[in-house]
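Only one structure is covered here, and it is reproduced in the block below.
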Amino acid sequence: MLFAIISTDVADSLEKRLSVRPAHLERLVVLKDAGRLVLAGPHPAVESNDPGAAGFTGSLIVAEFESLAAAKTWADADPYIAAGVYASVVVKPFKQVLP
């Protein structure tokens, strides 16, 4: 089943994000290579694909996991959590309708 992992950043998270971004992306590539990743990306703090110093306000990941517990376990191991980037993370089932 698909699950949405919706994360909200702490204020001024950009430096923390950048410091662990390679490890964060490495985990996403594993999901992608396994054919389990639907989409992933950050929420820019301003209306721009490159928000510069404004940074990001959170992230969204939609991926396939065997259960809600497995999705939560995966989300809890995100390097952004250990680095203090995320203030909160919500994981919930997701039903893709389109495309």
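The values are calculated or read from the model by the stated rules, or taken from the named source; none is laboratory data. The model shown is predicted, which means the values in this text are computed figures rather than measured ones. Counting neighbours? That spans all protein chains shown, and the Cβs are built from the backbone with ideal geometry, glycine included.
Regarding region 4-18, can at least one residue be identified that is of a type in the set (D, E, K, R), under 16 Å from Val90 (Cα atoms) and touching a helix residue (DSSP H, G or I) at 6+ places or on another chain (Cβ under 8 Å)? Yes, region 4-18 has at least one match.
Applying the criterion of being aliphatic (A, V, I, L, M), under 12 Å from the mean Cα position of the chain (by Cα) and over 17 Å from Leu2 (Cα atoms) to the residues of region 68-87, the residue that is surrounded by the most Cβ atoms within 10 Å (Cβ to Cβ) is Val85. Would you confirm, using the coordinates I've provided, whether Lys32 is under 13 Å from Ile61 (Cβ atoms), at pLDDT 95 or above and over 12 Å from the mean Cα position of the chain (by Cα)? Taking the combined requirement at face value, the residue satisfies it.
Loosely packed, with under 11 Cβ neighbours inside 10 Å, without any contact (Cβ under 8 Å) to a residue 24 or more places away in the chain and either touching a helix residue (DSSP H, G or I) at 6+ places or on another chain (Cβ under 9 Å) or of a type in the set (Gly, Ala, Ser) (or both) - does that describe any residue in region 88-98? No, that holds for no residue.
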